[in-house]
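The block underneath contains the structure these notes are about, expressed in structure tokens.
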Amino acid sequence: MARRRAPVRIADLMPGPRDPDDRLVRRVRDGDPAAFGDVHRRYAAPLEAYARRILGEHRAAAEDVVQEAFLRTHRILVRQPGRPIALRPWLYAVVRNAALDELRGDHRGRVDLADAAGGADPAAVATSRAALRDLLGRIAGLPDRQRSALLQHAVGGLAHEDVARNLGTSTGASRLLVHRARAALTAAGPR
């Protein structure tokens with residue numbers, strides 16, 4: 001008995017934010033610099049609402065929890081390209097786990113901003129968080145290929161050879177993209 005193929009939907013053929021989740025995952029893994037931005041635009045608001053419900057009285061940490069979840073997800077997508085991931089349930093599970101870690105005070109694997117600020121002084125922590133948000137904003141403002149190369153290499157931990165393969169370029173070009181991204185961030189300095 002012949003298997004019937006599912007009909008092709010127009011939305012499946014369109015690029016960008018209307019991509020089905022499995023296609024977004026493929027685009028991220030293929031090194032498409034805009035793909036993770038599409039994931040973020042699609043899921044950031046509902047994930048923050050979900051995190052706020054879990055965190056209850058600690059709901060102010062929802063944005064940090066969601067950013068941690070996005071970082072963990074990006075790292076897994078890049079470092080484990082063969083690992084099957086159903087994006088939506090995966091993101092919700094990671095947010096749930098990060099929120100529970102936040103409630104337990106379990107911050108292993110996260111940068112402790114109080115330590116980075118030299119103590120638990122709330123003003124110093126707020127300043128450190130503002131500086132971190134500023135840096136993330138400047139990273140978001142980089143040209144797509146520079147941002148993608150920088151994130152894959154510096155955050156994802158990929159070797160330049162792997163970054164080059166993902167971006168369809170040479171290893172030297174990968175090194176140059178990362179160098180230019182870092183130079184642009186250094187030149188811009190904090191706002």
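A few comments on the model shown:
- Highest average packing first - 38-48, 59-69, Cβ atoms within 10 Å: 59-69, 38-48
- P(r) weight above 19 Å for region 142-191, C-alpha pairs, percent: 18
- Total formal charge among the other residues, if their Cβ is under 13 angstrom from that of THR186, Lys/Arg +1 and Asp/Glu -1: +3
- Once both labels are positioned 7 Å from their Cα atoms along Cα-to-Cβ, the gap between ARG88 and LEU103 label points is 2.4 nm.
- Stokes-Einstein D in µm²/s, Kirkwood radius over Cα pairs - region 18-108 at 37 °C with 0.692 mPa s viscosity: 246
Where a number appears in this text, it was derived from the coordinates with a stated rule and is not lab data. It should be emphasised that the depicted structure is a prediction, and the values quoted were computed from it without experimental measurement. Using ideal geometry, Cβ is built from the backbone for each residue, glycine included, and neighbour counts are taken over all protein chains shown.
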